[in-house]
1. What lysines sit close enough to Lys552 to cross-link, taking a C-alpha to C-alpha distance under 17 Å and skipping anything fewer than 8 places away on the same chain?
2. At 1.4 Å probe radius, can you tell me the per residue accessible area of the chain in Å²?
3. Ranked from highest to lowest mean number of other Cβ atoms within 10 Å per residue, what is the order of the peptides 45-58, 12-25, 332-345, 154-167?
4. Suppose every K and R has +1 on its Cβ and every D and E has -1 on its Cβ; what is the size of the dipole of the chain about the Cα centre, in Debye to the nearest 20?
5. Show me the trypsin sites (Lys or Arg not before Pro) within the range 246-295 that DSSP assigns to loop and that have at most 14 other Cβ atoms within 10 Å of their Cβ.
6. Do any GluC sites (Glu not before Pro) in the range 92-175 lie in a loop, going by DSSP, with at most 13 other beta-carbon atoms within 10 Å of their beta carbon, and if so which?
7. Going through the range 233-321, which GluC sites (Glu not before Pro) have at most 15 other Cβ atoms within 10 Å and a DSSP loop state?
8. Among the listed pairs Lys92/Lys310; Lys96/Lys554; Lys102/Lys413, which are separated by more than 26 Å between their Cα atoms?
Amino acid sequence: MGNWIINNGLSALILVLWMGINIFLFVYFYLFYDLGDQFFYTRHLLGSALAWARAPAAVLNFNCLLILLPVCRNLLSLLRGSVMCCGRSLRKQLDKNLTFHKLVAYMIGLMTAVHTVAHLLNMEWYNNSRRGEYDILSTALSSLEDTANETYLNPIRSASTTPTYVVFTTIAGITGVIITLALILIITSSMEVIRRSYFEVFWYTHHLFIIFFAGLVIHGAGRIVRSQTTTDPPHNFSVCKDRPQDWGKIAECPIPQFAGGFPQTWMWVIGPMVLYLCERVLRFIRYMQTVRYRKIVMHPSKVLELQLVKAGFKMEVGQYVFLNCPAISQLEWHPFTMTSAPEEDFLSVHIRSAGDWTQKLISMVEELPEGAQGPKMGVDGPFGTASEDVFDYEVSMLVGAGIGVTPFASILKSIWYKFKDSNPKLRTRKIYFYWLCRETHAFEWFADLLQVLEKEMEERGMGDFLTYKLYLTGWDHSHAAHVMVHFDDDKDVITGLKQKTHYGRPNWDKEFEQIRKENPTSVVGTFLCGPQVLATTLEKKCIKYSDVDPRKTKFYFNKENF
(Lines give C-alpha, C1' and ligand atoms only; values in the text may rest on other atoms or scores of the structure.)
Protein backbone atom coordinates (compact mmCIF):
# COMPACT_ATOMS: atom_id res chain seq x y z
CA MET A 1 0.00 0.00 0.00
CA GLY A 2 2.84 2.36 0.83
CA ASN A 3 4.44 1.78 -2.59
CA TRP A 4 1.15 2.57 -4.30
CA ILE A 5 0.88 5.84 -2.36
CA ILE A 6 4.38 6.85 -3.50
CA ASN A 7 3.37 6.68 -7.18
CA ASN A 8 -0.37 7.37 -7.07
CA GLY A 9 -1.20 9.08 -3.77
CA LEU A 10 -1.60 12.64 -5.07
CA SER A 11 -3.45 11.48 -8.20
CA ALA A 12 -5.89 9.55 -6.03
CA LEU A 13 -6.37 12.57 -3.76
CA ILE A 14 -7.17 14.82 -6.73
CA LEU A 15 -9.56 12.21 -8.13
CA VAL A 16 -11.33 11.89 -4.77
CA LEU A 17 -11.57 15.69 -4.50
CA TRP A 18 -13.02 15.98 -8.02
CA MET A 19 -15.50 13.17 -7.40
CA GLY A 20 -16.41 14.65 -4.03
CA ILE A 21 -17.27 18.00 -5.62
CA ASN A 22 -19.38 16.23 -8.24
CA ILE A 23 -21.27 14.27 -5.59
CA PHE A 24 -21.76 17.36 -3.45
CA LEU A 25 -23.14 19.38 -6.36
CA PHE A 26 -25.47 16.56 -7.39
CA VAL A 27 -26.82 15.95 -3.88
CA TYR A 28 -27.10 19.65 -3.01
CA PHE A 29 -29.06 20.59 -6.13
CA TYR A 30 -31.12 17.42 -6.04
CA LEU A 31 -32.33 18.33 -2.54
CA PHE A 32 -32.69 21.99 -3.53
CA TYR A 33 -35.16 21.13 -6.29
CA ASP A 34 -36.75 18.20 -4.47
CA LEU A 35 -37.44 20.05 -1.21
CA GLY A 36 -37.50 23.75 -2.11
CA ASP A 37 -40.86 25.42 -1.47
CA GLN A 38 -40.57 27.54 -4.61
CA PHE A 39 -40.64 24.34 -6.70
CA PHE A 40 -43.66 22.77 -4.96
CA TYR A 41 -46.03 23.37 -7.87
CA THR A 42 -43.36 22.45 -10.44
CA ARG A 43 -42.76 19.17 -8.61
CA HIS A 44 -46.50 18.54 -8.61
CA LEU A 45 -46.41 18.49 -12.42
CA LEU A 46 -43.08 16.70 -12.85
CA GLY A 47 -42.44 14.66 -9.73
CA SER A 48 -38.85 13.64 -8.95
CA ALA A 49 -37.84 14.06 -12.62
CA LEU A 50 -37.42 17.77 -11.88
CA ALA A 51 -34.59 17.10 -9.43
CA TRP A 52 -33.16 14.39 -11.69
CA ALA A 53 -32.94 16.93 -14.52
CA ARG A 54 -31.51 19.84 -12.53
CA ALA A 55 -28.93 18.05 -10.36
CA PRO A 56 -27.01 16.70 -13.40
CA ALA A 57 -27.14 20.21 -14.91
CA ALA A 58 -25.17 21.53 -11.92
CA VAL A 59 -22.58 18.77 -12.32
CA LEU A 60 -22.41 19.53 -16.05
CA ASN A 61 -21.65 23.19 -15.34
CA PHE A 62 -18.74 22.24 -13.10
CA ASN A 63 -17.26 19.73 -15.55
CA CYS A 64 -17.74 21.99 -18.56
CA LEU A 65 -15.66 24.51 -16.61
CA LEU A 66 -12.90 21.89 -16.30
CA ILE A 67 -12.99 20.19 -19.71
CA LEU A 68 -10.99 22.84 -21.61
CA LEU A 69 -8.33 23.47 -18.97
CA PRO A 70 -6.35 20.21 -19.50
CA VAL A 71 -5.97 21.06 -23.22
CA CYS A 72 -4.73 24.61 -22.62
CA ARG A 73 -1.21 23.38 -23.29
CA ASN A 74 0.53 26.73 -23.05
CA LEU A 75 -1.04 27.30 -19.66
CA LEU A 76 0.11 23.85 -18.48
CA SER A 77 3.64 24.47 -19.80
CA LEU A 78 3.69 27.81 -17.99
CA LEU A 79 2.58 26.18 -14.74
CA ARG A 80 5.03 23.34 -15.22
CA GLY A 81 7.98 25.65 -15.57
CA SER A 82 6.98 28.18 -12.93
CA VAL A 83 8.04 28.31 -9.30
CA MET A 84 4.39 27.89 -8.30
CA CYS A 85 4.45 24.30 -9.46
CA CYS A 86 7.98 23.13 -8.81
CA GLY A 87 7.24 19.94 -6.92
CA ARG A 88 7.81 16.63 -8.70
CA SER A 89 4.48 15.20 -7.60
CA LEU A 90 2.58 18.27 -8.80
CA ARG A 91 4.32 18.20 -12.18
CA LYS A 92 3.30 14.56 -12.58
CA GLN A 93 -0.34 15.59 -12.28
CA LEU A 94 0.07 18.08 -15.13
CA ASP A 95 1.45 15.25 -17.25
CA LYS A 96 -1.83 13.38 -16.74
CA ASN A 97 -3.81 16.21 -18.30
CA LEU A 98 -5.36 14.08 -21.05
CA THR A 99 -6.36 11.35 -18.60
CA PHE A 100 -8.20 13.95 -16.53
CA HIS A 101 -9.68 15.44 -19.72
CA LYS A 102 -11.15 12.04 -20.56
CA LEU A 103 -12.50 11.51 -17.04
CA VAL A 104 -14.26 14.85 -17.16
CA ALA A 105 -15.63 14.00 -20.62
CA TYR A 106 -17.05 10.72 -19.32
CA MET A 107 -18.76 12.59 -16.48
CA ILE A 108 -20.20 15.09 -18.97
CA GLY A 109 -21.49 12.21 -21.11
CA LEU A 110 -23.09 10.47 -18.11
CA MET A 111 -24.72 13.63 -16.74
CA THR A 112 -25.94 14.61 -20.20
CA ALA A 113 -27.66 11.24 -20.54
CA VAL A 114 -29.39 11.57 -17.14
CA HIS A 115 -30.32 15.21 -17.82
CA THR A 116 -31.76 14.36 -21.26
CA VAL A 117 -33.81 11.37 -20.12
CA ALA A 118 -35.23 13.34 -17.18
CA HIS A 119 -36.25 16.23 -19.42
CA LEU A 120 -37.87 13.89 -21.95
CA LEU A 121 -39.99 12.55 -19.09
CA ASN A 122 -40.68 16.14 -18.01
CA MET A 123 -41.98 17.00 -21.49
CA GLU A 124 -44.28 14.00 -21.44
CA TRP A 125 -45.66 14.91 -18.02
CA TYR A 126 -46.05 18.56 -19.00
CA ASN A 127 -48.04 17.39 -22.01
CA ASN A 128 -50.25 15.04 -19.97
CA SER A 129 -50.94 17.80 -17.45
CA ARG A 130 -51.90 20.17 -20.24
CA ARG A 131 -54.34 17.60 -21.60
CA GLY A 132 -55.97 17.31 -18.17
CA GLU A 133 -54.99 13.69 -17.66
CA TYR A 134 -53.98 14.23 -14.03
CA ASP A 135 -55.69 15.91 -11.05
CA ILE A 136 -57.47 19.26 -10.82
CA LEU A 137 -54.39 21.06 -9.45
CA SER A 138 -52.21 19.89 -12.38
CA THR A 139 -54.86 21.09 -14.84
CA ALA A 140 -55.17 24.46 -13.08
CA LEU A 141 -51.40 24.98 -13.06
CA SER A 142 -51.14 24.05 -16.75
CA SER A 143 -53.98 26.43 -17.64
CA LEU A 144 -52.21 29.51 -16.31
CA GLU A 145 -51.47 31.91 -19.17
CA ASP A 146 -48.78 34.52 -19.73
CA THR A 147 -50.90 37.65 -19.25
CA ALA A 148 -50.83 40.85 -17.21
CA ASN A 149 -52.13 39.05 -14.12
CA GLU A 150 -50.77 35.55 -14.73
CA THR A 151 -47.52 33.85 -15.55
CA TYR A 152 -47.37 30.35 -16.93
CA LEU A 153 -45.77 27.29 -15.35
CA ASN A 154 -46.27 24.68 -18.06
CA PRO A 155 -44.25 25.52 -21.21
CA ILE A 156 -46.68 23.51 -23.37
CA ARG A 157 -49.19 26.22 -24.10
CA SER A 158 -51.83 24.23 -25.99
CA ALA A 159 -53.46 20.83 -25.63
CA SER A 160 -52.79 20.21 -29.31
CA THR A 161 -49.05 20.87 -28.94
CA THR A 162 -46.83 17.78 -28.88
CA PRO A 163 -43.64 17.36 -26.83
CA THR A 164 -41.73 16.87 -30.10
CA TYR A 165 -42.91 20.24 -31.35
CA VAL A 166 -41.77 21.93 -28.13
CA VAL A 167 -38.36 20.23 -28.30
CA PHE A 168 -37.69 21.47 -31.84
CA THR A 169 -39.18 24.96 -31.55
CA THR A 170 -37.94 26.25 -28.18
CA ILE A 171 -34.49 27.60 -27.33
CA ALA A 172 -33.95 24.99 -24.62
CA GLY A 173 -35.19 22.17 -26.86
CA ILE A 174 -33.30 22.87 -30.07
CA THR A 175 -30.03 23.74 -28.30
CA GLY A 176 -30.41 20.60 -26.19
CA VAL A 177 -30.70 18.47 -29.34
CA ILE A 178 -27.69 20.17 -30.93
CA ILE A 179 -25.56 19.83 -27.78
CA THR A 180 -26.44 16.15 -27.39
CA LEU A 181 -25.70 15.28 -31.04
CA ALA A 182 -22.38 17.15 -30.91
CA LEU A 183 -21.40 15.37 -27.70
CA ILE A 184 -22.28 11.94 -29.13
CA LEU A 185 -20.09 12.57 -32.18
CA ILE A 186 -17.22 13.93 -30.08
CA ILE A 187 -17.22 10.98 -27.67
CA THR A 188 -17.66 8.21 -30.26
CA SER A 189 -14.93 9.61 -32.52
CA SER A 190 -12.56 9.77 -29.54
CA MET A 191 -12.43 6.00 -29.16
CA GLU A 192 -8.87 4.71 -29.29
CA VAL A 193 -9.41 2.66 -32.44
CA ILE A 194 -10.73 5.68 -34.35
CA ARG A 195 -8.19 8.12 -32.96
CA ARG A 196 -5.29 5.84 -33.91
CA SER A 197 -6.54 4.73 -37.34
CA TYR A 198 -8.56 7.76 -38.47
CA PHE A 199 -7.00 10.72 -36.73
CA GLU A 200 -8.59 13.17 -39.16
CA VAL A 201 -12.08 11.97 -38.16
CA PHE A 202 -11.16 12.47 -34.51
CA TRP A 203 -9.67 15.89 -35.21
CA TYR A 204 -12.58 17.35 -37.14
CA THR A 205 -15.38 15.95 -35.00
CA HIS A 206 -13.59 17.09 -31.85
CA HIS A 207 -13.96 20.65 -33.08
CA LEU A 208 -17.70 20.28 -32.67
CA PHE A 209 -16.87 21.45 -29.15
CA ILE A 210 -17.34 24.97 -30.55
CA ILE A 211 -20.97 24.15 -31.35
CA PHE A 212 -21.29 22.33 -28.03
CA PHE A 213 -20.19 25.34 -25.98
CA ALA A 214 -22.18 27.81 -28.07
CA GLY A 215 -25.31 25.71 -27.53
CA LEU A 216 -24.47 25.29 -23.86
CA VAL A 217 -24.29 29.04 -23.24
CA ILE A 218 -27.61 29.64 -25.03
CA HIS A 219 -29.38 26.55 -23.62
CA GLY A 220 -30.34 28.09 -20.27
CA ALA A 221 -31.86 31.17 -21.92
CA GLY A 222 -34.98 29.10 -22.62
CA ARG A 223 -35.76 29.14 -18.86
CA ILE A 224 -37.97 26.09 -19.29
CA VAL A 225 -37.84 25.16 -15.60
CA ARG A 226 -39.87 27.72 -13.67
CA SER A 227 -40.33 28.35 -9.96
CA GLN A 228 -42.90 30.18 -7.87
CA THR A 229 -42.10 33.82 -7.14
CA THR A 230 -43.13 35.93 -4.13
CA THR A 231 -46.43 37.82 -4.43
CA ASP A 232 -48.16 40.45 -2.30
CA PRO A 233 -50.17 39.11 -0.59
CA PRO A 234 -48.20 35.85 -0.57
CA HIS A 235 -49.59 32.67 -2.12
CA ASN A 236 -49.31 29.94 0.52
CA PHE A 237 -49.28 26.68 -1.40
CA SER A 238 -49.92 24.62 1.75
CA VAL A 239 -53.33 26.29 2.02
CA CYS A 240 -54.12 26.98 -1.62
CA LYS A 241 -53.02 23.73 -3.30
CA ASP A 242 -56.39 22.14 -2.52
CA ARG A 243 -58.41 25.21 -3.63
CA PRO A 244 -57.34 26.05 -7.20
CA GLN A 245 -60.88 27.17 -8.03
CA ASP A 246 -60.49 30.02 -5.45
CA TRP A 247 -57.19 31.37 -6.81
CA GLY A 248 -57.52 35.07 -7.39
CA LYS A 249 -60.91 35.18 -5.69
CA ILE A 250 -59.88 35.20 -2.05
CA ALA A 251 -57.12 37.21 -0.39
CA GLU A 252 -55.41 34.14 1.05
CA CYS A 253 -54.92 32.58 -2.41
CA PRO A 254 -53.84 35.06 -5.06
CA ILE A 255 -52.95 33.58 -8.45
CA PRO A 256 -49.46 32.04 -8.10
CA GLN A 257 -46.76 33.69 -10.17
CA PHE A 258 -43.85 31.87 -11.82
CA ALA A 259 -40.55 32.79 -13.46
CA GLY A 260 -37.68 30.95 -15.09
CA GLY A 261 -34.29 30.85 -13.40
CA PHE A 262 -31.49 33.15 -14.52
CA PRO A 263 -29.09 31.34 -16.93
CA GLN A 264 -25.88 30.47 -15.08
CA THR A 265 -23.92 28.17 -17.37
CA TRP A 266 -22.13 31.03 -19.14
CA MET A 267 -20.70 32.17 -15.81
CA TRP A 268 -19.13 28.74 -15.31
CA VAL A 269 -17.56 28.40 -18.76
CA ILE A 270 -16.65 31.96 -19.80
CA GLY A 271 -13.23 31.85 -18.07
CA PRO A 272 -12.01 28.58 -19.64
CA MET A 273 -13.43 29.66 -23.01
CA VAL A 274 -11.38 32.89 -22.91
CA LEU A 275 -8.26 30.95 -21.91
CA TYR A 276 -8.74 28.49 -24.75
CA LEU A 277 -9.35 31.34 -27.19
CA CYS A 278 -6.01 32.83 -26.12
CA GLU A 279 -4.42 29.42 -26.81
CA ARG A 280 -5.78 29.47 -30.35
CA VAL A 281 -4.71 33.08 -30.94
CA LEU A 282 -1.20 32.19 -29.77
CA ARG A 283 -1.22 29.16 -32.11
CA PHE A 284 -2.19 31.41 -35.02
CA ILE A 285 0.62 33.86 -34.19
CA ARG A 286 3.13 30.99 -34.10
CA TYR A 287 1.71 29.64 -37.35
CA MET A 288 2.46 32.95 -39.07
CA GLN A 289 6.12 32.85 -37.97
CA THR A 290 8.57 31.71 -40.64
CA VAL A 291 9.86 28.15 -40.44
CA ARG A 292 12.83 27.16 -42.61
CA TYR A 293 14.03 23.66 -43.47
CA ARG A 294 17.61 22.92 -42.42
CA LYS A 295 17.65 19.32 -43.55
CA ILE A 296 15.26 16.60 -44.73
CA VAL A 297 16.25 12.95 -44.26
CA MET A 298 14.29 9.84 -45.24
CA HIS A 299 15.25 7.00 -42.90
CA PRO A 300 14.42 3.30 -43.29
CA SER A 301 11.03 2.00 -42.13
CA LYS A 302 9.30 5.06 -43.65
CA VAL A 303 10.59 7.40 -40.95
CA LEU A 304 10.97 11.02 -42.05
CA GLU A 305 13.34 13.36 -40.22
CA LEU A 306 12.68 17.09 -40.52
CA GLN A 307 15.23 19.56 -39.20
CA LEU A 308 13.57 22.96 -38.91
CA VAL A 309 14.78 26.42 -37.96
CA LYS A 310 12.51 29.00 -36.34
CA ALA A 311 13.66 32.34 -34.94
CA GLY A 312 13.54 32.61 -31.16
CA PHE A 313 12.59 28.96 -30.66
CA LYS A 314 13.75 27.49 -27.34
CA MET A 315 13.08 24.02 -25.99
CA GLU A 316 13.84 21.55 -23.21
CA VAL A 317 14.54 17.85 -23.53
CA GLY A 318 11.58 15.60 -24.30
CA GLN A 319 9.21 18.41 -25.29
CA TYR A 320 6.85 18.21 -28.25
CA VAL A 321 5.41 20.53 -30.90
CA PHE A 322 2.31 20.59 -33.08
CA LEU A 323 2.92 20.69 -36.82
CA ASN A 324 0.58 22.01 -39.49
CA CYS A 325 1.14 21.58 -43.23
CA PRO A 326 -1.33 23.83 -45.13
CA ALA A 327 -0.68 21.91 -48.34
CA ILE A 328 -2.33 18.89 -46.67
CA SER A 329 -4.84 20.61 -44.41
CA GLN A 330 -5.24 24.17 -43.17
CA LEU A 331 -6.85 22.99 -39.92
CA GLU A 332 -5.07 19.82 -38.81
CA TRP A 333 -2.30 20.06 -36.21
CA HIS A 334 -0.45 16.90 -35.23
CA PRO A 335 1.80 16.42 -32.16
CA PHE A 336 5.39 15.19 -32.55
CA THR A 337 8.10 14.81 -29.92
CA MET A 338 11.29 16.67 -30.77
CA THR A 339 14.42 14.58 -31.24
CA SER A 340 16.79 17.55 -31.14
CA ALA A 341 18.59 18.71 -28.01
CA PRO A 342 18.25 22.16 -26.38
CA GLU A 343 21.91 22.75 -27.16
CA GLU A 344 21.25 22.58 -30.93
CA ASP A 345 20.25 25.60 -33.01
CA PHE A 346 17.41 23.76 -34.78
CA LEU A 347 14.47 21.56 -33.90
CA SER A 348 14.04 18.11 -35.37
CA VAL A 349 11.19 15.61 -35.46
CA HIS A 350 11.01 12.04 -36.68
CA ILE A 351 7.70 11.19 -38.33
CA ARG A 352 6.57 7.62 -38.96
CA SER A 353 3.97 6.82 -41.61
CA ALA A 354 0.92 6.10 -39.44
CA GLY A 355 -2.12 7.66 -41.10
CA ASP A 356 -3.32 9.76 -44.00
CA TRP A 357 -1.67 13.00 -42.90
CA THR A 358 1.78 11.53 -42.24
CA GLN A 359 1.64 9.44 -45.43
CA LYS A 360 0.76 12.50 -47.52
CA LEU A 361 3.61 14.48 -45.94
CA ILE A 362 6.14 11.70 -46.59
CA SER A 363 4.92 11.35 -50.21
CA MET A 364 5.29 15.10 -50.76
CA VAL A 365 8.82 15.12 -49.37
CA GLU A 366 9.86 12.08 -51.42
CA GLU A 367 8.83 13.91 -54.60
CA LEU A 368 10.92 17.01 -53.81
CA PRO A 369 13.97 17.77 -56.00
CA GLU A 370 17.37 17.39 -54.38
CA GLY A 371 18.10 20.28 -51.98
CA ALA A 372 14.65 21.84 -52.28
CA GLN A 373 12.78 23.35 -49.34
CA GLY A 374 9.85 21.30 -48.09
CA PRO A 375 6.21 22.42 -47.99
CA LYS A 376 5.23 25.33 -45.74
CA MET A 377 5.14 24.17 -42.15
CA GLY A 378 3.56 25.77 -39.10
CA VAL A 379 5.06 25.00 -35.68
CA ASP A 380 3.19 25.48 -32.40
CA GLY A 381 5.04 24.92 -29.16
CA PRO A 382 7.11 23.69 -27.50
CA PHE A 383 4.99 22.03 -24.82
CA GLY A 384 6.18 20.34 -21.65
CA THR A 385 6.05 16.60 -20.96
CA ALA A 386 7.11 14.17 -18.26
CA SER A 387 10.49 13.67 -19.94
CA GLU A 388 11.52 17.21 -19.00
CA ASP A 389 12.15 15.90 -15.49
CA VAL A 390 14.61 13.23 -16.53
CA PHE A 391 17.63 15.18 -15.21
CA ASP A 392 15.92 15.78 -11.86
CA TYR A 393 16.54 12.15 -10.91
CA GLU A 394 19.83 10.60 -9.84
CA VAL A 395 18.92 7.51 -11.84
CA SER A 396 16.64 7.48 -14.89
CA MET A 397 15.08 4.50 -16.61
CA LEU A 398 13.97 5.28 -20.19
CA VAL A 399 11.66 2.92 -22.06
CA GLY A 400 10.69 3.55 -25.68
CA ALA A 401 8.57 1.40 -27.99
CA GLY A 402 8.97 1.85 -31.75
CA ILE A 403 8.82 5.52 -32.73
CA GLY A 404 8.24 6.19 -29.02
CA VAL A 405 12.00 6.44 -28.73
CA THR A 406 11.88 10.05 -29.99
CA PRO A 407 11.83 11.91 -26.63
CA PHE A 408 14.79 9.85 -25.49
CA ALA A 409 16.75 10.81 -28.60
CA SER A 410 16.53 14.39 -27.36
CA ILE A 411 17.60 13.34 -23.89
CA LEU A 412 20.57 11.26 -25.05
CA LYS A 413 21.72 14.02 -27.42
CA SER A 414 21.56 16.52 -24.57
CA ILE A 415 23.62 14.18 -22.39
CA TRP A 416 26.27 14.04 -25.12
CA TYR A 417 26.43 17.83 -25.26
CA LYS A 418 26.60 18.10 -21.48
CA PHE A 419 29.55 15.70 -21.36
CA LYS A 420 31.18 17.47 -24.27
CA ASP A 421 30.92 20.80 -22.47
CA SER A 422 31.68 19.24 -19.05
CA ASN A 423 28.45 20.64 -17.67
CA PRO A 424 28.74 20.59 -13.84
CA LYS A 425 24.97 20.94 -13.37
CA LEU A 426 24.23 17.40 -14.57
CA ARG A 427 22.71 15.71 -11.54
CA THR A 428 21.98 12.37 -13.19
CA ARG A 429 24.66 9.76 -12.60
CA LYS A 430 23.12 6.72 -14.27
CA ILE A 431 20.72 6.09 -17.18
CA TYR A 432 19.13 2.80 -18.20
CA PHE A 433 17.70 2.87 -21.71
CA TYR A 434 15.38 0.23 -23.21
CA TRP A 435 14.11 0.31 -26.79
CA LEU A 436 11.58 -2.22 -28.07
CA CYS A 437 11.06 -2.56 -31.85
CA ARG A 438 9.20 -5.02 -34.08
CA GLU A 439 11.56 -4.83 -37.07
CA THR A 440 15.29 -4.43 -37.57
CA HIS A 441 15.12 -1.39 -39.87
CA ALA A 442 13.60 0.69 -37.09
CA PHE A 443 16.93 0.60 -35.21
CA GLU A 444 18.97 2.09 -38.03
CA TRP A 445 18.24 5.81 -37.72
CA PHE A 446 18.88 5.78 -33.96
CA ALA A 447 21.89 3.51 -33.86
CA ASP A 448 24.24 6.29 -35.03
CA LEU A 449 23.45 8.38 -31.98
CA LEU A 450 24.03 5.42 -29.65
CA GLN A 451 27.38 4.71 -31.34
CA VAL A 452 28.51 8.30 -30.74
CA LEU A 453 27.41 8.14 -27.11
CA GLU A 454 29.05 4.76 -26.62
CA LYS A 455 32.37 6.13 -27.91
CA GLU A 456 32.08 9.36 -25.89
CA MET A 457 31.44 7.50 -22.61
CA GLU A 458 34.39 5.17 -23.16
CA GLU A 459 36.76 8.05 -23.91
CA ARG A 460 35.72 9.79 -20.68
CA GLY A 461 35.97 6.62 -18.62
CA MET A 462 32.23 6.68 -17.96
CA GLY A 463 31.19 3.50 -19.70
CA ASP A 464 28.83 2.70 -16.83
CA PHE A 465 26.87 5.97 -17.12
CA LEU A 466 24.62 4.67 -19.90
CA THR A 467 23.30 1.12 -19.95
CA TYR A 468 21.13 0.43 -22.97
CA LYS A 469 19.31 -2.64 -24.19
CA LEU A 470 17.63 -3.00 -27.57
CA TYR A 471 14.88 -5.59 -27.97
CA LEU A 472 13.68 -6.96 -31.28
CA THR A 473 10.16 -8.24 -30.72
CA GLY A 474 9.53 -9.57 -34.24
CA TRP A 475 11.83 -11.76 -36.39
CA ASP A 476 11.79 -14.84 -38.62
CA HIS A 477 13.89 -18.03 -38.74
CA SER A 478 16.19 -16.79 -41.51
CA HIS A 479 17.02 -13.71 -39.52
CA ALA A 480 17.69 -15.80 -36.41
CA ALA A 481 20.03 -18.05 -38.39
CA HIS A 482 21.94 -15.01 -39.71
CA VAL A 483 22.36 -13.68 -36.17
CA MET A 484 23.65 -17.03 -34.92
CA VAL A 485 26.36 -17.08 -37.59
CA HIS A 486 27.63 -13.67 -36.41
CA PHE A 487 27.03 -14.26 -32.71
CA ASP A 488 30.75 -14.10 -31.79
CA ASP A 489 31.38 -10.81 -33.65
CA ASP A 490 32.52 -7.85 -31.55
CA LYS A 491 29.63 -5.73 -32.74
CA ASP A 492 25.95 -6.45 -33.15
CA VAL A 493 24.99 -7.61 -36.63
CA ILE A 494 21.89 -5.37 -36.68
CA THR A 495 22.97 -2.10 -35.08
CA GLY A 496 26.77 -2.17 -35.28
CA LEU A 497 26.86 -1.46 -31.55
CA LYS A 498 28.93 -3.30 -28.95
CA GLN A 499 25.75 -4.01 -27.00
CA LYS A 500 24.06 -7.02 -28.62
CA THR A 501 20.38 -6.87 -29.54
CA HIS A 502 18.02 -8.95 -27.39
CA TYR A 503 15.22 -10.99 -28.91
CA GLY A 504 11.74 -11.05 -27.45
CA ARG A 505 10.50 -8.81 -24.66
CA PRO A 506 12.28 -7.73 -21.48
CA ASN A 507 11.80 -9.62 -18.26
CA TRP A 508 10.77 -6.52 -16.34
CA ASP A 509 10.94 -8.18 -12.94
CA LYS A 510 14.56 -9.04 -13.61
CA GLU A 511 15.36 -5.55 -14.91
CA PHE A 512 13.75 -3.74 -11.98
CA GLU A 513 15.40 -6.06 -9.49
CA GLN A 514 18.79 -5.41 -11.09
CA ILE A 515 18.32 -1.62 -11.05
CA ARG A 516 17.23 -1.72 -7.42
CA LYS A 517 20.26 -3.81 -6.55
CA GLU A 518 22.67 -1.42 -8.32
CA ASN A 519 21.05 1.69 -6.81
CA PRO A 520 20.04 0.74 -3.27
CA THR A 521 19.43 4.31 -2.00
CA SER A 522 18.35 6.17 -5.15
CA VAL A 523 15.16 7.70 -6.50
CA VAL A 524 14.67 6.23 -9.97
CA GLY A 525 12.56 8.09 -12.53
CA THR A 526 10.93 5.62 -14.93
CA PHE A 527 9.90 7.26 -18.22
CA LEU A 528 7.83 5.62 -20.94
CA CYS A 529 6.82 6.66 -24.41
CA GLY A 530 4.79 3.73 -25.66
CA PRO A 531 1.45 1.90 -25.60
CA GLN A 532 -0.92 1.78 -22.64
CA VAL A 533 -0.43 -1.98 -22.14
CA LEU A 534 3.27 -1.42 -21.49
CA ALA A 535 2.46 1.58 -19.29
CA THR A 536 0.23 -0.56 -17.09
CA THR A 537 2.98 -3.16 -16.72
CA LEU A 538 5.71 -0.64 -15.85
CA GLU A 539 3.52 1.25 -13.40
CA LYS A 540 2.82 -1.99 -11.53
CA LYS A 541 6.54 -2.80 -11.44
CA CYS A 542 7.34 0.69 -10.08
CA ILE A 543 4.88 0.07 -7.26
CA LYS A 544 6.15 -3.45 -6.64
CA TYR A 545 9.86 -2.56 -6.45
CA SER A 546 9.62 0.77 -4.58
CA ASP A 547 10.61 0.60 -0.95
CA VAL A 548 8.52 2.39 1.67
CA ASP A 549 11.70 3.21 3.58
CA PRO A 550 12.70 6.71 2.29
CA ARG A 551 16.36 5.72 2.55
CA LYS A 552 15.98 2.96 -0.01
CA THR A 553 15.14 2.69 -3.70
CA LYS A 554 11.94 4.28 -4.98
CA PHE A 555 10.64 4.17 -8.56
CA TYR A 556 8.50 7.03 -9.90
CA PHE A 557 6.54 6.27 -13.07
CA ASN A 558 6.12 8.93 -15.78
CA LYS A 559 4.41 8.54 -19.15
CA GLU A 560 4.33 10.71 -22.26
CA ASN A 561 0.80 11.89 -23.12
CA PHE A 562 -0.29 13.85 -26.19
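1. Lys552 reaches Lys430, Lys517, Lys541, Lys544.
2. 48
3. Ranking, from highest mean packing down: 45-58, 332-345, 154-167, 12-25.
4. 620
5. Loop-located and lightly packed - Lys249.
6. In loop regions of the range 92-175 (DSSP not H, G, I, E or B), the sparsely surrounded GluC sites (Glu not before Pro) are Glu133, Glu145.
7. Loop-located and lightly packed - Glu252.
8. Lys92/Lys310; Lys102/Lys413
The values are calculated or read from the model by the stated rules, or taken from the named source; none is laboratory data. Fair warning: this is a prediction, and the values are worked out from it, not measured in the lab. With ideal geometry, Cβ positions are generated from the backbone for all residues, glycine too; neighbour counts draw on all protein chains shown. For the accessible areas, the whole protein counts, side chains as well, though only heavy atoms, and no ligand, DNA or RNA atoms are used. Shrake-Rupley method; radii C 1.70, N 1.55, O 1.52, S 1.80 Å.
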